[in-house]
Structure formats: structure tokens, C-alpha cells
Amino acid sequence: MDSASAVSLRFLLLGDVGVGKSTFINILASTLKAVHTTESVEEFIPIPITSAVTAPPAIRLPGVHIAAGPVHQQDNTPLDDPLGLLPPKVTTPARDLTFITLPGYSSTINPSTILSMTDDYLNHHLHSVTSIFAPTISSSQLAWFLIAGSHAHSLPSCAFYFVLYELKPIDILYMKMIHERVNLIPIIAKADTLSVNELWVLKKRMLRQLKLNGIRIHTFGSDMETIETMTQQRQWGAPPFVVSTRQDNEGQLLKSELKQLVDLCLYERVRHLQEDATRKVIDWR
Ligand SMILES: Nc1nc2c(ncn2[C@@H]2O[C@H](COP(=O)(O)OP(=O)(O)OP(=O)(O)O)[C@@H](O)[C@H]2O)c(=O)[nH]1
Ligand SMILES: [Mg+2]
């Protein structure tokens, strides 16, 4: 399969300094099959003209790019295919994944610098993806391009927003600023440092706080009632996703929904991610 038919996904990692963003990328990469290349990348975003004259000419963001081949699943039984001559069935196309990290708000004396950088980052991508087209392009044509031509643009598919122990007022401010422009997926970081009971209390409280503040999160096609019911019934696999990058002696992740999150984002619900990201571009323009 050539790269043109690969699924191109771009993930942003947001959240304060030291919450585990870099470790998360490494652990996620280690769960992928058929990885061809993993390389460090940098993204440069021009600073808007309105910013202070003393500001550097561009924002430089570190990232990781992973090129993964198609995942084949051989579902022919030995009876159907005794000599193993039938081609394997492709279940997942090749993937072209980019992870871009924005600095945590404690990395500067003034946290609003980081919020405004994120604001500039999102606007830059929305402007560049829409400026390719005549303003008269229909919403359906634009949607088609954004999904089918994902290789031709670098619009983020979603933002993983890492929260440690509680949603602080600044997190709420941050999320409110971005939720209409990017798919927001809240992550409860370092879950191994909390008891299972504490995790459920936190999950429930976070959903309530998000709702109270009118923050819309990406739900992979489920409605919010379903997400709330899953949380009430203590069923894993819904946002906010509990993530731990710590492993036990057998290499199993401790208290983590990382596997479910990876399955949803990279395999099962890619289309929902792309459609929701597209809807946001259309609403924004
Ligand atoms: N207990 C625990 N520690 C973790 C986990 N993930 C990361 N850490 C530790 O937390 C520290 C920070 O992790 P990083 O991945 O560097 O965090 P970061 O968000 O990339 O940090 P900055 O890039 O500095 O903002 C390291 O010492 C990690 O080993 C986790 O799931 N559980
Ligand atoms: Mg880091």
C-alpha cells in the first residue's frame, strides 16, 4: 500500500509541564505494529503580526512522526488455504501519525503566553486549510477534501489534554478556548498514583465540571448520556481516559485505558475523529 492511501492523523498533546506527555507518545508508539520509521520532528508556526515586536518570528514545537505500515490479518483458515497462498486480508490501512507537543502553562511566568500560543497555533491551521480554497467552496466539498485529502493538510485530528489529579481553573479556561476548534480528548494522567476508587470519582467529577462549563469533548460518536452512564456504571473505555505509562514486571500497563484509546483513535473510530474535526472547520469558517 502506498503512502497516498495511508490514513494521516495528527495529534496535539496539551497539559501542564511534567504530566507525562512525552512518555505517553513513547508508550503509544510501542503498542503499534508494523512501524517503519519513528523520527523527531519540529513544527514551525509563524507568529501573527499583531504579537509584540520582541516576540521571536516563529513558534517552534517539538514532535514525533511515526510511519506505520498496514496491519494484515490472516483470516484464512488452514483448511481454506493449506499452502498459505491466499493474500492476507488488510484490516487497517497504513498510518502516518504525527504527535505535536505544546508547552505546559507552568513553563513560563505568565501562563497566558501558552494559551495564546495555542490559540495562534489552531488559528494558523484553520486559516491555512481554508485558504487553499475559494471562499465559495461548499461545505460538502470542503469536508470531502479534509477527510480524503488528509495528507495534503496538517489540521490536528484531536488534542489530548492531560490533567493531573484535578481540573484546575486554568484547565477550564484552556479547554473553553480550544474546544470549538479542535477535537478535545481529556486524559487523566499518571493513573497509577491514584486508587481505582479515586479514579472513578475523578472521572465523574470531571465530566460534571466539563458539562457545567459548557465544554464539548470528542466522544467518538457516542452521546454524552452514554458516556455518563458508562461512568456511573464504572465501565472503562470512555472519556476522560485514564492513562498510566507505568508498567508492571510483565510489561502490562498499570490502571490504563490507553489500549482502548489507541483502538478508538487509530483503528475503530478514525472516521468519527475526522468527521468531527471537519465539522469544526466548517463551523469556524
Ligand atoms: N507515576 C507515573 N509517572 C509518570 C507517568 N508518565 C510519566 N511519568 C513520569 O513523569 C515525569 C514527566 O514525564 P514526561 O513524559 O517527561 O512529561 P511531559 O509532560 O512530557 O513533561 P514536559 O515535556 O516537561 O512538559 C517523568 O519522570 C516520567 O517518568 C505515569 O503514567 N505514571
Ligand atoms: Mg515532554
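Laboratory data are not the source of any read-out in this text; all were calculated from the coordinates shown. Being a predicted model, the structure only gives us computed values, none of them experimental. Here the Cβ is made from the backbone with ideal geometry for all residues, glycine too, and neighbour counts use every protein chain on show.
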Q: Among 173, 30, 147, pick out the residue whose Cα is farthest towards the positive end of the charge dipole of the chain, where Lys and Arg carry +1 and Asp and Glu carry -1 on C-beta, about the Cα centre.
A: 173
Q: Return the percentage of antiparallel bridges among DSSP beta bridges fully within the chain, rounded to the nearest 5 %.
A: 50 percent
Q) Are any of the pairs 211/280; 33/190; 33/211; 21/176 more than 28 Å apart by Cα-Cα distance, and if so, which? A) 33/211
Q. Going by how many other Cβ atoms sit within 10 Å of their own, how do 33, 190 line up, fewest first?
A. 33, 190
Q: Neighbouring Cβ atoms within 10 Å as the yardstick, rank 181, 208 fewest first.
A: 208, 181
**Q.** Cβ-based net charge around residue 214, under 13 Å, with every Lys or Arg adding one and every Asp or Glu removing one
**A.** +3
Q: Quick one: order 145, 24 by neighbouring beta-carbon count within 10 Å, fewest to most.
A: 145, 24
Q | Positive-end extreme of charge dipole, the chain - chosen from 9, 193, 207 (charges on Cβ) | A | 207
Q: Report the extension gain between residue 284 and residue 260 in nm, rounded to one decimal, defined as 0.36 nm multiplied by the number of residues separating them, less their alpha carbon distance.
A: 5.6 nm
(Q) Classify the chain from the C-alpha gyration tensor, please: rounded if a/c falls under 1.5, else prolate or oblate depending on whether a/b exceeds b/c. (A) oblate
**Q.** Top of 212, 184, 32 by mean-square fluctuation, Gaussian network on the chain, Cα under 10 Å
**A.** 212
Q) Taking the Cα centre of each part, how many Å lie between segment 122-200 and segment 28-43? A) 20 Å
